[in-house]
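The structure appears right after this line, and notes come after that.
The values are calculated or read from the model by the stated rules, or taken from the named source; none is laboratory data. All of these numbers come straight from a predicted model, not from anything done at the bench. Here the Cβ is made from the backbone with ideal geometry for all residues, glycine too, and neighbour counts use every protein chain on show. For accessibility, only protein heavy atoms count, side chains too; no ligands or nucleic acids. Shrake-Rupley method; radii C 1.70, N 1.55, O 1.52, S 1.80 Å.
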Amino acid sequence: MEAKMQQLLDTIKQRTKKPAYTLTLQPEKTVGIFDSKFGGVPYWDLQKPYPQDSNGNKLALLAQFNFDKDKVSEPLPTKGMLQFFLIAEDKDYLYGLDFDNPTKQKNFRVVYHETIDTSVTETQIKALDIPWDTHSLEHFPLLREVGIDITPQEISINCTDVNFDKIFCEIASEVLQKDIHDVPYYDILDEEEEDTFYEELATDGHSLLGYPYFTQCDPREDKTFAAYSTLLFQMDSEYIHNEYYVIWGDAGVCNFFIKPEDLQNKKFDDVLYNWDCT
């Protein structure tokens, strides 16, 4: 790749990078109800009603993050437990996604516990008769409980992000010394350069914060959802030891977005949920 294009790529990386946390699956890790993990028996405050889907059936744990044990920085909560739940059985294969209103927590739920009651036991949680064995569920993207490691990492914008074209044009105009406005990046780059940008700016995988990745398109292209500018949580499909641990449709990816002010105020009742696959 020629020097100017390399400079353009490096500048995009530098100017758009922001703090995030990568999530690495740890299949050999033993986890319980108080651990950060994907799936399994969740922690739950027994003083609260357990989340249900639109038909009154209890939701299954998709992921939970214990910020008392796994330390992160603001704007994420720095204590307590953040959880993501999905409909346990969805015969439409939509995993609780409502295309007409993807922010309505009808068949998914995002829950934050500011404090964690460590006296609660797994036996008490199971007694709530919840769908905790995701491997036995016919229509659920997570195939088994698995522990995770949470690691801080700076992440730069991806080519599929709704804001990428604007940022690309601004930086390209400067680096290439051309007046480039409202021109898609793929009309500027040749095929080899485009492949390099995709590879170098990839944001696939599991993460908290950072920039999203899509196999199709960013739902925030709809101006109705533009305010959901912060990626809260991303869960990708992943294949380990010759088997899938997570699979969204045809090996897609799931994203949860939130408004910055809601994240700052630890308000999680208005979240944009999206997943897509090829």
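Observations on the model:
- For segment 185-204, the set of residues classified as closer than 18 Å to Lys13 by Cα, assigned to a loop (DSSP other than H, G, I, E, B) and not polar (S, T, N, Q) consists of Ile188, Leu189, Leu201, Ala202, Asp204, listed by residue number.
- Filter pass, Lys166 being under 27 Å from the mean Cα position of the chain (by Cα) and open to solvent by 80 Å² or more (accessible area, probe 1.4 Å): yes
- Close pairs from segment 206-218: first free of Cβ contacts under 8 Å to residues at least 60 places away in the same chain and charged (D, E, K, R), partner open to solvent by less than 10 Å² (accessible area, probe 1.4 Å) and part of a strand (DSSP E or B), Cβ under 9 Å, at least 6 apart: Asp218/Asn255
- Here Asp92 fulfils each of the conditions (1) open to solvent by less than 60 Å² (accessible area, probe 1.4 Å); (2) closer than 28 Å to Ile240 by Cα; (3) among the acidic types (Asp, Glu) apart from (1).
- Candidate set from segment 14-37 (those that are surrounded by 16 or more Cβ atoms within 10 Å (Cβ to Cβ) and touching a helix residue (DSSP H, G or I) at 6+ places or on another chain (Cβ under 9 Å)); member that is farthest from Ala127 (Cα to Cα): Thr16
- Number of the exception - Pro184 against (1) surrounded by 13 or more Cβ atoms within 10 Å (Cβ to Cβ); (2) touching a Phe, Trp or Tyr at 6+ places or on another chain (Cβ under 9 Å); (3) more than 29 Å from Phe85 (Cβ to Cβ); (4) not small (Gly, Ala, Ser): (1)
One line per residue, one yes/no per condition, for (1) under 23 Å from Lys166 (Cα atoms); (2) of a type in the set (A, V, I, L, M, F, W, C); (3) surrounded by fewer than 16 Cβ atoms within 10 Å (Cβ to Cβ):
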{"position": "Thr224", "(1), (2), (3)": "yes, no, yes"}
{"position": "Ser237", "(1), (2), (3)": "no, no, no"}
{"position": "Glu243", "(1), (2), (3)": "no, no, yes"}
{"position": "Glu261", "(1), (2), (3)": "no, no, yes"}
{"position": "Asn265", "(1), (2), (3)": "no, no, yes"}
{"position": "Tyr273", "(1), (2), (3)": "no, no, no"}
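- Unique residue being buried (at least 20 other Cβ atoms within 10 Å of the Cβ), touching a Leu at 6+ places or on another chain (Cβ under 7 Å) and not small (Gly, Ala, Ser) when the list is Leu59, Leu82: Leu59
- Some residue of segment 157-168 being of a type outside the set (Val, Ile, Thr), in a helix (DSSP H, G or I) and touching a residue at least 60 places away in the same chain (Cβ under 8 Å): yes
- Among (1) aromatic (Phe, Trp, Tyr); (2) without any contact (Cβ under 8 Å) to a residue 60 or more places away in the chain; (3) open to solvent by less than 70 Å² (accessible area, probe 1.4 Å) - the single one Tyr198 does not satisfy: (3)
- Top-ranked residue in segment 95-123 [being outside any loop (DSSP other than H, G, I, E, B) and over 14 Å from Phe268 (Cα atoms); ranked as most open to solvent (accessible area, probe 1.4 Å)]: Thr123
- Among all residues of segment 222-242, there is at least one that is at pLDDT below 95 and part of a strand (DSSP E or B).
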